[in-house]
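One structure below.
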């Protein structure tokens, strides 16, 4: 096995596990969790990307996804949100940059470029490792907030790798909001052209597409909706560029895992159908 | 309203809420969480009692109960496991006594007797307050580990108050195990006769009964099964004294919330049927 299973809990007759491996991409240890239902054959693996401040633990303990996956052939895998165990300049100073805030990109700035390559980590290391280990027929990708951004960007840039893409409360247009500007400057420097490779709106505008309808869930009581998420910008980009998209705006729902838990069942259906 | 709603998250069209009130029983503020489905009429309230080290948050964030309750007329209420904000001698020195470890009893030892009265808090304050506020037709009670002990003890001593009783991994015989001996000594002193009022095995032996079958879920890979939980002692007491009991021993399951999440749906059905 290419990773070490650190903890395992029997769940719904399957297994919730926490894993560790040495990453050649981030040059650190990396952690991920998964739920694997009791089945002889894994058909689908859903990659879940978490948001700011999260680790590999948040989704797998809070979203209630196991119940939806218990009698399927689908497992879900939840990587940590950044490399850990480093002490780069400014890495631990704020919740929205550095540790817990990898933004699923490949950094080019000094120090960060050697480790903060979460885009390559997911695409070229984690997914191939999962393919070797579990031999699924399909991958799909989803995530929340910063992780919704990650799912849209990684999904749109690798359309043949994923059967489907969805997101909860995604940062769809990081080049246009404060969270994105801070992170993209810190990881990529001041050249705004370079930022576009990690902006879902810009990717759709530049011709990136996924053949399947993208599903987005967005709470209307989400405190970050207006300022940081800018869902409408992605709707406009998809409409203007013929990317099929469904956005479910949900009255009264916020940015929390209580929102995610309420609709993860619908997203799992979308991601494996 | 007799309590303040501190946080509220729309969940499954209903509401996950965190509440605070000033308790006349513990003479401290007390916290509890609840999930209330979208319904015009609450028929049942399930009281969930958590285990050692837990707060009002653990169950409501980790057990996935909301999904099972979403389209019912049943809400679930999860009180904190002890008074907070005090600084009694030894109160914060260990995980299994004092804060986070109230053991759902009425203390008689110096200092603790003025505040650590979680039995009375549940029975004479929380439940009447919930009755006033939500006007349910029935209450049921369940819990995990120390909270499973609490559910059995409070349920057996107040059989008319609860429609049904269940427990996950309960400490069924605290007078006979290390966790119980430490807590009962600390809260009640050295008189072992006084301990029996808070021991489910002793209560059944002394004639306490519930008219409905009690349901217990117990993982066989639970690290505390042999040493602290002693499920068999309760089975024997119930058999010898004609208390209807069903214990589901579950191969491979441990003491965690992954275990609880796997079977909470079955327990909810039992508790409201």
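The values are calculated or read from the model by the stated rules, or taken from the named source; none is laboratory data. All of these numbers come straight from a predicted model, not from anything done at the bench. Ideal geometry is used to build each Cβ from the backbone, glycine not excepted, and the neighbour counts take in all protein chains shown.
For the stretch B:28-49, filtering for residues that are within 14 Å of chain A (Cβ to nearest Cβ) and surrounded by 20 or more Cβ atoms within 10 Å (Cβ to Cβ) leaves 5.
Residue B:262 meets the conditions (1) within 14 Å of chain A (Cβ to nearest Cβ); (2) within 19 Å of residue B:171 (Cβ to Cβ); (3) within 20 Å of the chain's Cα centre (by Cα) in every case but one. The failed one is (2).
Go through the stretch B:169-181 and give me each residue that's farther than 27 Å from residue B:258 by Cβ and touching a residue at least 40 places away in the same chain (Cβ under 8 Å).
First, the residues of the stretch B:169-181 that are farther than 27 Å from residue B:258 by Cβ: B:175-176, B:181.
Hit for the stretch B:169-181 is B:176, nothing else.
Do the conditions hold for residue A:104, that is, is it under 19 Å from the mean Cα position of the chain (by Cα) and either surrounded by 15 or more Cβ atoms within 10 Å (Cβ to Cβ) or free of Cβ contacts under 8 Å to residues at least 60 places away in the same chain (or both)? The answer is yes for residue A:104. All conditions in (1) in contact (Cβ under 8 Å) with a residue 40 or more places away in the chain; (2) within 14 Å of another protein chain (Cβ to nearest Cβ); (3) in contact with a helix residue (DSSP H, G or I) (Cβ under 7 Å, 6 or more places away or on another chain); (4) surrounded by 24 or more Cβ atoms within 10 Å (Cβ to Cβ) hold for residue A:187, with the sole exception of (2).
Within the stretch A:111-130, identify whether any single residue is farther than 21 Å from residue A:56 by Cα and assigned to a loop (DSSP other than H, G, I, E, B), and answer yes or no. Yes: the stretch A:111-130 contains one or more residues that are farther than 21 Å from residue A:56 by Cα and assigned to a loop (DSSP other than H, G, I, E, B).
For (1) farther than 24 Å from residue B:65 by Cα; (2) over 15 Å from the mean Cα position of the chain (by Cα); (3) in contact (Cβ under 8 Å) with a residue 40 or more places away in the chain; (4) surrounded by fewer than 23 Cβ atoms within 10 Å (Cβ to Cβ), each residue gets a yes or a no:
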position	(1), (2), (3), (4)
B:86	yes, yes, yes, yes
B:123	no, no, no, yes
B:126	no, no, yes, yes
B:134	no, yes, yes, yes
B:164	no, no, yes, no
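Are any residues in the stretch A:198-225 touching a residue at least 60 places away in the same chain (Cβ under 8 Å) and closer than 26 Å to residue A:109 by Cβ, and if so, which ones?
Selection gives A:198, A:224.
Quick one: in the stretch B:69-84, which of the residues that are part of a loop (DSSP other than H, G, I, E, B) and closer than 17 Å to residue B:148 by Cα is farthest from the other protein chains (Cβ to nearest Cβ)? Only one residue tops the list, namely B:82. Checked against (1) in a loop (DSSP other than H, G, I, E, B); (2) touching a helix residue (DSSP H, G or I) at 6+ places or on another chain (Cβ under 7 Å), residue B:160 passes all but a single condition, namely (2). Checking each residue in the stretch A:1-27 for being within 14 Å of chain B (Cβ to nearest Cβ) and in contact with a helix residue (DSSP H, G or I) (Cβ under 6 Å, 6 or more places away or on another chain) picks out A:9, A:11, A:12, A:16.
So which of A:210, A:255 ends up being within 14 Å of another protein chain (Cβ to nearest Cβ), surrounded by fewer than 23 Cβ atoms within 10 Å (Cβ to Cβ), at negative phi and touching a helix residue (DSSP H, G or I) at 6+ places or on another chain (Cβ under 9 Å)? Quick ask: steps written out before the conclusion?
Details: A:210 fails: within 14 Å of another protein chain (Cβ to nearest Cβ).
From the options A:210, A:255, the qualifying one is A:255.
For the stretch B:191-207, the count of residues that are within 13 Å of chain A (Cβ to nearest Cβ) and under 28 Å from residue B:65 (Cα atoms) is zero.
Checked against (1) surrounded by 24 or more Cβ atoms within 10 Å (Cβ to Cβ); (2) under 25 Å from residue A:258 (Cα atoms), residue A:198 passes all but a single condition, namely (2).
In the stretch A:226-249, is there at least one residue being touching a helix residue (DSSP H, G or I) at 6+ places or on another chain (Cβ under 9 Å), within 14 Å of chain B (Cβ to nearest Cβ), free of Cβ contacts under 8 Å to residues at least 40 places away in the same chain and surrounded by fewer than 22 Cβ atoms within 10 Å (Cβ to Cβ)? Checked the stretch A:226-249: at least one residue is touching a helix residue (DSSP H, G or I) at 6+ places or on another chain (Cβ under 9 Å), within 14 Å of chain B (Cβ to nearest Cβ), free of Cβ contacts under 8 Å to residues at least 40 places away in the same chain and surrounded by fewer than 22 Cβ atoms within 10 Å (Cβ to Cβ). Given the criteria surrounded by fewer than 18 Cβ atoms within 10 Å (Cβ to Cβ), modelled with pLDDT of 95 or more, touching a strand residue (DSSP E or B) at 6+ places or on another chain (Cβ under 7 Å) and assigned to a helix (DSSP H, G or I), does residue B:182 qualify? Criteria met by residue B:182.
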